[in-house]
Amino acid sequence: MPPDLLTATITRWIGFFAMAALIGSLAVDLLILRDDGAPHAERRRLQRLRVASVIALILVSMAEVFLRGRTMTGTGLSGVLSAVPSILGRTHFGHVWVIRFVLLAAALCAACSLRRATRVVTLGAAIGVAFTTAATGHAGDWGDLSLSAAIDWVHVVASSVWVGGLLSLAVAGRSRGAPIWPSPLFETIARRFSRLAGWSLLAVVSSGSYNAWVQVRTPAALWSTTYGRVLCIKVLLVAGIVWLGAASRYTIVARLGRPEPGGLLARLFRMQWAWLFGARETAPSMLPSRLLRYVSREACLGIVVLACSAILADSTPARHAVHLDHHAGSDAMLVNTTELHARGDIPSKRISDPLPGSESSVHHCPRAPSPGTVMRQSGRPVSDDGNLGRCSKENEQS
Ligand code: HEM
């Protein structure tokens, strides 16, 4: 992996992680702990997590501007800094990012207070920030107000509630390794979170399946492209989280307080669990710490899933990769932006003029391109805003 791409992927991963921690901590605070008797200490801990997440998101968003500037101008720090006003003022990415910075500033101010109204404002701002992620990702190739952007938005929010919620529960739920909630409160919190995780899972899997269908298109691309292979690894990891989640729900939460026989699924799960690990039951007093151990493991797997998502977001989608393989044998020729505008390959409403000091006026296109996947010399598609790995719908009529 080229160093610039590795840096971009790690930056994006940290951004996804911070977004999950921000949205998940608010979901746990507002929907799980609510205002009924949860001690003040864990609210403070969740608030610290939120403030740290917003600061991380601001830093990561600034780094993403820098990285895009590097991609677009091909120059060092001074060249990129002089291009920043053009990037923010004249590209689609820049316009969306200005809104993101405003929302993050609002979230930072609101996150400093513990009042319920400000927590709701922080959640609203965080959900807006999630939209800027969807609008500048692959799903945004069809436009900011497209179905794919809306579904990707749902995917980002639901997956953040789930993974970030697990993380927040692991952070807030124990002190010096021991669970902090007294028994009846622990039971209520565990049942509420189990329900929220179930709904999040449904939203994540349905929106993720739609994303996969849009970005992959053919089953063969799942094993013949890097994008497809990373997606398969991601789905396997998600299956691991679901299995651990089912273990928490059917072997621990169901036994808290009053025993619950559950439906067919619960009984089948307990049977396979007993077959794998034996029928020995954990003592009721040990259930809370066991649940928090499982929650921490699920959160760790979720963080690895976020890494896979960052790799996907920075890779050429399988729908393009198949197309590029098709053209791999053809020689390439250089064209400049003006020629591409003239040919209609880059719509002038989406792309700015070349940035100061930019090499981006030169593009590398396959010979006789099917009217025009726009290529950098790296051989990967580039969108209107110089975003490697992306191709706007207008540019992608193949
Ligand atoms: C714990 C579960 C999951 C988490 C935390 C998660 C997280 C994410 C995140 C943060 C993105 C980036 C969105 C963007 O850049 O706009 C993403 C994209 C995506 N996810 Fe998931 N996801 C999960 C489950 C799934 C599942 C189950 C599938 C497939 C069935 C899936 C398929 C996809 C696809 C295809 C993309 C599009 C990547 C791109 O921009 O090219 N995800 N996911």
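The values are calculated or read from the model by the stated rules, or taken from the named source; none is laboratory data. Computed from a prediction, not measured in an experiment: that's the story for all the values here. Methodologically, a virtual Cβ is constructed for each residue, glycine included, from the backbone with ideal geometry; neighbour enumeration extends over all protein chains shown.
Working carefully through the options Ala56, Ala8, Ala18, Ala41, find the one that is of a type in the set (Gly, Ala, Ser), in contact with a strand residue (DSSP E or B) (Cβ under 9 Å, 6 or more places away or on another chain) and within 16 Å of the ligand (Cβ to nearest atom). Outline the logic, then answer.
On the way: Ala56 fails: in contact with a strand residue (DSSP E or B) (Cβ under 9 Å, 6 or more places away or on another chain); Ala18 fails: in contact with a strand residue (DSSP E or B) (Cβ under 9 Å, 6 or more places away or on another chain); Ala41 fails: within 16 Å of the ligand (Cβ to nearest atom).
Step by step, each of Ala56, Ala8, Ala18, Ala41 is checked, and only Ala8 is of a type in the set (Gly, Ala, Ser), in contact with a strand residue (DSSP E or B) (Cβ under 9 Å, 6 or more places away or on another chain) and within 16 Å of the ligand (Cβ to nearest atom).
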Looking at the stretch 83-94, is at least one residue outside any helix (DSSP H, G or I), in the same structural domain as Trp181 (by TED's automatic domain parsing) and either of a type in the set (D, E, K, R) or surrounded by fewer than 19 Cβ atoms within 10 Å (Cβ to Cβ) (or both)?
no
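Within the stretch 129-225, considering only helices (runs of 4 or more DSSP H) that don't extend past its boundaries, which have at least 2 residues that are more than 9 Å from the ligand (Cβ to nearest atom) and of a type in the set (Ser, Thr, Tyr)?
Values: elements: 147-172, 183-216, 221-224.
Qualifying helices (runs of 4 or more DSSP H): 147-172, 183-216.
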Can you find even one residue in the stretch 78-90 that is more than 25 Å from the chain's Cα centre (by Cα) and among the charged types (D, E, K, R)?
yes
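Evaluate the following for Leu244: is it touching a Lys or Arg at 6+ places or on another chain (Cβ under 9 Å) and within 16 Å of the ligand (Cβ to nearest atom)?
On the way: touching a Lys or Arg at 6+ places or on another chain (Cβ under 9 Å): yes; within 16 Å of the ligand (Cβ to nearest atom): yes.
Yes, satisfied.
From the list Ala283, Ala266, exactly one residue is in the same structural domain as Phe186 (by TED's automatic domain parsing) and either surrounded by 12 or more Cβ atoms within 10 Å (Cβ to Cβ) or under 33 Å from the mean Cα position of the chain (by Cα) (or both). Which is it? Give the derivation first.
On the way: Ala283 fails: either surrounded by 12 or more Cβ atoms within 10 Å (Cβ to Cβ) or under 33 Å from the mean Cα position of the chain (by Cα) (or both).
Ala266 is the lone residue from the list that is in the same structural domain as Phe186 (by TED's automatic domain parsing) and either surrounded by 12 or more Cβ atoms within 10 Å (Cβ to Cβ) or under 33 Å from the mean Cα position of the chain (by Cα) (or both).
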Single residue of the stretch 253-312 satisfying the filter (at pLDDT 90 or above and aromatic (Phe, Trp, Tyr)) that is farthest from the ligand (Cβ to nearest atom):
Trp275
Which count do you get for residues in the stretch 251-293 that are in contact with a Lys or Arg (Cβ under 9 Å, 6 or more places away or on another chain) and charged (D, E, K, R)?
1
Among the numbered conditions (1) buried (at least 18 other Cβ atoms within 10 Å of the Cβ); (2) modelled with pLDDT of 95 or more; (3) small (Gly, Ala, Ser), tell me where Ser206 comes up short.
(1)
At pLDDT 95 or above and either buried (at least 17 other Cβ atoms within 10 Å of the Cβ) or assigned to a helix (DSSP H, G or I) (or both): does that describe Thr75?
no
